[in-house]
Amino acid sequence: MLQKENILIVDDDIGILELIQRHLHSMDYHTFKAVSVKEAVAILRDTEIDLLITDLKMPEVDGFELIQFVSEHYPNIPKLVVTGYPSIQDALSAIKSRVVDYLVKPFTKAELKQAVQKSLSSSTKKKSTDSATSLKKYDEIIGESKQVRNVIQIIDRVKDNKATVYISGESGTGKELVARSIHYNGKFSREPFIAVNCGGIPENLLESELFGYIKGAFTGAEDSREGFFQAAEGGTIFLDEIGNASLGVQSRLLRVLQEKEVVKVGARKSEKIDLRVIAATNSDLKEMVAKETFREDLYYRLTVVEIHVPPLRERKEDIPLLADKFLFKYGNEYKGRYVTIDTEAKELITRYDWPGNIRELENVIQRAVIMCDRTIGIKDLPESLKYQIDFPKEGLLPLKELERQYIQKVLAATNNNQTKAAEILQIDRKTLRAKIREI
């Protein structure tokens, strides 16, 4: 079953907006409505749109600016203008250079259908071809969400050149998988891929491990040794957790990127190298630059191309696909222990936010495969995934509030008998009546 196209309609005339929506629904399209450019931009940022239909004359921000915005931010979205001002043919002709078709009001349902089909046809063909090709080439990256497709598109652009790539994202999102996909799907895949965890090597050793050293450079350097950069010659070096590198290492790394050469620790002569550098971190490098813990010049050298890997909570539609992948993986690993996951458990894992991202999801599925019978149910999942009630915390209250609550409790216990309540509270009835008036 083909997925319905998403069409965004933008018009400040509610009547026209609803008329176009009714026509499109009868043609089996899915629609989003906006009465202003501001609303339209919000929808574009949160939703995958296949076609924009917009009026031109609108208050505050007009349709011309919306078309300009969409052309530069979402160039693959075709644009169809619906206008009641045929006198602006010159303007419409200028817009047509941005692959915009247009209808003049009033128009028939048949004319709308023809214009929509024409606008969607070339875009749909290109999108389906690109999508099929990408999914086939990058089947190690699991997901069909808009965010994953965006990542794959960038990988496809950079895989065959040696431009420096910076991968950002939270821990457990799959940054190294993206780095490996860039390397192994490109024309340098026969060359080495060297992954270095900059956070896993002691700071005093990182420099010599990266760039190598010569005999006698420091205590214990009994022989000369190549570094990771030399080992990656011709291929790719992946510097994970680059934010952990000291300012000294950062300075030497900057020289490597600028001069394409490495100087071993203790050496005077440099060695030319030819490789691609991919760096990644779950830290905020911009914030580190502001705090002067990361060099600004190195930051710009590293971020020639930036890929942001989204957290799992921002692409929840991919969670069932990832779960199926891990079910198959551990079914194989545990000698044919293939299990399924029931509907309630699948809903639960899709609802959960996964602060540990894909790594946490894989661990949960692995444990469930071991612990379940033949089907994973809610009982096989950790308590932390299940619904929690957040009870209000009992904070410290002002003395007056505590007094008010206690007086109310005593009155309730004595059925509002003020004489008895005053005895329990050890105050006279006159004082009690005054306090009741304050409640």
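Tell me, in nm to one decimal, what length is gained between GLU344 and GLU48 on full extension, where the rule is 0.36 nm per residue of separation less the Cα-Cα distance?
103.8 nm
Leaving out ligands and nucleic acids, note down the accessible area per residue over the range 282-371 with a 1.4 angstrom probe, in whole Å².
Averaged over the residues of the range 282-371, the accessible area is 56 Å².
Rank-order 411-420, 249-258 by packing density, defined as the average count of other C-beta atoms within 10 Å over each peptide's residues, highest first.
Ranking, from highest mean packing down: 249-258, 411-420.
Less than 19 Å apart at the alpha-carbon level, and either on another chain or at least 8 residues along: which aspartates and glutamates does that give for LYS109?
Reachable aspartates and glutamates: GLU5, ASP11, ASP13, GLU18, ASP28, ASP55, ASP101.
About the Cα centre, and with charges only on the beta carbon of Lys, Arg (+1) and Asp, Glu (-1), how big is the dipole of the range 209-339? Nearest 20 debye, please.
Dipole size: approximately 180 debye.
Please list 374-380, 352-358 highest first by mean number of surrounding beta-carbon atoms within 10 Å per residue.
352-358, 374-380
Order these peptides, 428-438, 234-244, by their mean beta-carbon neighbour count within 10 angstrom, highest first.
The packing order, highest mean first, is 234-244, 428-438.
What share of the DSSP beta bridges in the chain is antiparallel, in percent to the nearest 5?
5 percent
Among TYR387, GLN418, ILE365, which residue has its Cα furthest toward the positive end of the charge dipole of the range 354-439, with +1 on Lys/Arg Cβ and -1 on Asp/Glu Cβ?
GLN418
Identify which of the listed values of P(r) over Cα pairs in 10 Å bins from 0, in percent was calculated from the structure shown: (1) 5, 22, 33, 24, 12, 4, 0; (2) 4, 21, 29, 24, 15, 6, 0; (3) 4, 15, 17, 17, 17, 13, 9, 6, 3, 0.
(3)
Quick one: length gained pulling LYS146 to TYR74 fully straight, 0.36 nm per residue minus the C-alpha distance?
So the chain would gain 24.7 nm between LYS146 and TYR74.
Name the lysines eligible as straight-distance cross-link partners of LYS400: C-alpha to C-alpha under 22 Å, and not fewer than 8 places from it in the same chain.
LYS409, LYS420, LYS430, LYS435
Explain nothing, just the number: relative contact order of the range 1-87, from Cα pairs under 8 Å at least 6 residues apart, as a whole percent.
RCO, the range 1-87: 31 percent.
Where the only charges are on Cβ atoms (+1 Lys, Arg; -1 Asp, Glu), what is the dipole of the range 270-363 about its Cα centre, to the nearest 20 debye?
For this selection, approximately 280 debye.
Once phi is turned into ³J(HN,Hα) by the Karplus curve 6.51 cos²θ - 1.76 cosθ + 1.60 with θ = phi - 60°, what whole-Hz value does each residue of the range 234-239 show in order, with x for glycine and proline?
Karplus values, whole Hz, x for Gly and Pro: x, x, 9, 10, 10, 9.
Find how much the distance from ILE427 to ARG351 grows on full extension, using 0.36 nm per residue of separation minus their present alpha carbon separation; answer in nm with one decimal.
21.9 nm
When we measure straight from the Cα of LYS269, which lysines land under 20 angstrom away, once same-chain ones fewer than 8 places off are left out?
Correct list for LYS269: LYS215, LYS260.
Which trypsin sites (Lys or Arg not before Pro) in the range 269-344 pass both tests, a DSSP loop state and at most 15 other beta-carbon atoms within 10 Å?
Answer in residue order: LYS269, LYS291, LYS335, ARG337.
Between LYS57 and ASN161, what's the calculated FRET efficiency when r is the beta-carbon distance and R0 is 41 Å? Round to 0.05.
Step by step, r from the Cβ atoms, then E = 0.35.
Have a look at GLU259, GLU222, GLU360 and tell me which one the Gaussian network model of the chain (Cα, springs below 10 Å) gives the largest fluctuation.
GLU222
Could you work out [θ]222 nm for the chain from helices alone, using -39500 (n - 2.57) per DSSP H run of at least four and dividing by all its residues? Round to the nearest 500 deg cm²/dmol.
Calculated at 222 nm, the ellipticity per residue is -14000 deg cm²/dmol.
Relative contact order of the chain: what whole-number percent is it, with Cα pairs under 8 angstrom and at least 6 residues apart?
Relative contact order of the chain: 11 percent.
Could you check the simple spin-label distance between GLN153 and ALA290, using points 7 Å along Cα→Cβ, in nm with one decimal?
That separation, rounded to one decimal, is 2.9 nm.
Please state the relative contact order of the range 314-388 as a whole percent: Cα pairs under 8 Å, 6+ residues apart?
Taking the mean separation of contacting Cα pairs over the length of the range 314-388, I get 36 percent.
Carbon and sulfur atoms: what percent of the 1.4 Å accessible area of the chain do they account for?
The nonpolar share, carbon plus sulfur, comes to 50 percent.
Hey, which of these cross-link pairs are over 22 Å Cα-Cα: LYS4/LYS38; LYS38/LYS118; LYS325/LYS346; LYS38/LYS286?
Too far apart for the 22 Å limit: LYS4/LYS38; LYS38/LYS118; LYS38/LYS286.
Beyond 18 Å between alpha-carbons counts as too far, so tell me which of LYS162/LYS272; LYS79/LYS113; LYS146/LYS316 fall in that bin.
none
The values are calculated or read from the model by the stated rules, or taken from the named source; none is laboratory data. Every value quoted in this text rests on a predicted model; they were computed, and no experiment measured them. Note: ideal-geometry Cβ built from the backbone for every residue, glycine included; neighbour counts use all protein chains shown. All accessible areas refer to the heavy atoms of the entire protein, side chains included, with ligands and DNA or RNA removed. Shrake-Rupley method; radii C 1.70, N 1.55, O 1.52, S 1.80 Å.
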